[in-house]
Amino acid sequence: MNRIAITAAGIGDAGLANLRGAGRDHRSRLQRRWPAFSFLLRFRRSALAPFVVLFVVSTLGAESPGAPPAKIWEEFSGEKALAHVQRLVDLGPRPPGSGAIEKSRDYIENQLRLSGWQVTRQAFTDDTPRGKVQFLNLIARFPGQRSTGPSFLLCSHYDTKTFDTIRFVGANDGGSSTGLLLELGRVLGRHPNLAAKIELVFFDGEEAYEHFSERDGLYGSRYFARQLGGSGAKQFRGGILFDMVGNRSLKITLPADSPAEMARDVFASAEALKLRSHFTYLDREMIDDHTPLNEIGIPTIDVIDFSFPWWHTAEDTMDKLSAQSLQIVGSVAAYYLSEFALK
């Protein structure tokens, strides 16, 4: 990840402190239906006992009409997300045009298809400080998507920065967000009504070869935005970009220029899950893959932990990450999607 930080007035968290946990404790089905077990004990010697047992067991196995819907944020697994990151890191450095990045996109495609997504390859060539380079974005949609198209974008970059002097495997920078997005894809795939409203995008070429500029960096997101244009952008109500979300000492730092309503709702989602302490504002604006999307009218928030000491060093390795951090970000994202973005 190579980006310009622009100094801006810091934005505090005032006005958000009154948000309180929205989660409710629910008794288990076993507790709610304990009288059924007492009934069984009273009739255990009855000739009807076998039929009673069959009836009660079948009743317990079925969802009652008034049962609460599944809590999608509880289905996210930080362990599964971390396992995806490990598989990508095992491939080594994954800069654009490398054999390793081709293997990583094969892995991403296979995992998405296992979760029920249909994947399209968006290939293009762009001029870089190192000449013409071939890039490839991966775009996933869920079968049965409405003819009007998806309504929300979930994005990550999956390339690693090109270095000539160090071995850069990008466990956090490129790996963590990709692993998280794959796990979100699995969870969303179990909820077709939600998945049908979402498009997953894995950008190639986020990293700059030299210094970030209008001609260097964000190759994949810029191309994706150009292909959408103004009219295509109207089908999306918003988006989330994930970047560097696996740091053991997690502190998500939403850029100061984040879309205000989206930032408020992300903070509210974190508060509802009692995870608000891991989320704050950065005192700067951020140039990242969300920038081209915002420029064409898709309000997109950058969910990023920019307090990562090993950024763009050979020490950006798996030991700096934790499943718990991925669990925190994934759960909050799933809560935000189901309770705010897609309602």
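The values are calculated or read from the model by the stated rules, or taken from the named source; none is laboratory data. As the structure is a computational prediction, the values presented were derived from the model and not from experiment. In this analysis, Cβ positions are derived from the backbone assuming ideal geometry, glycine residues included, and neighbour counts consider all displayed protein chains. The protein model used for the area step is the full one, side chains on, heavy atoms only, and it has no ligands, DNA or RNA in it. Shrake-Rupley method; radii C 1.70, N 1.55, O 1.52, S 1.80 Å.
Okay, here's what the table says:
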read-out	value
Cross-link table K71/K274; K71/K343; K197/K343; K80/K161; K132/K234, entries beyond 22 Å C-alpha to C-alpha	K80/K161; K132/K234
Rough spin-label spacing in nm, given labels placed 7 Å along Cα→Cβ, for A233 and R130	3.0 nm
Three-way shape label, region 224-315, alpha-carbon gyration tensor, a/c 1.5	oblate
Fraction of accessible area attributable to carbon and sulfur, region 254-295 (%, probe 1.4 Å)	47 percent
Rounded accessible area per residue of region 296-343, 1.4 Å, Å²	33 Å²
HN-Hα J in Hz across region 325-339 - Karplus 6.51, -1.76, 1.60, θ = phi - 60°, x for Gly and Pro	5, 5, 4, 4, 5, x, 5, 5, 4, 5, 5, 4, 5, 7, 9
Accessible area, probe 1.4 Å, largest first, for residues T313, T128	T313, T128
Alpha-carbon centroids, region 198-257 and region 271-343: separation in whole Å	12 Å
Square roots of five times the Cα gyration tensor eigenvalues for region 124-258, Å	26, 20, 14
Whole-number accessible area per residue in Å² for region 140-200, which is evaluated in the context of all protein chains at 1.4 Å	30 Å²
Solvent-accessible surface (1.4 angstrom probe) belonging to H211, in square angstrom, nearest 10	140 Å²
Accessible-area composition of region 159-226, carbon plus sulfur, in percent [1.4 Å probe]	46 percent
Peptides ranked, highest mean first, by Cβ atoms within 10 Å: ranges 155-161, 94-100, 114-120	155-161, 94-100, 114-120
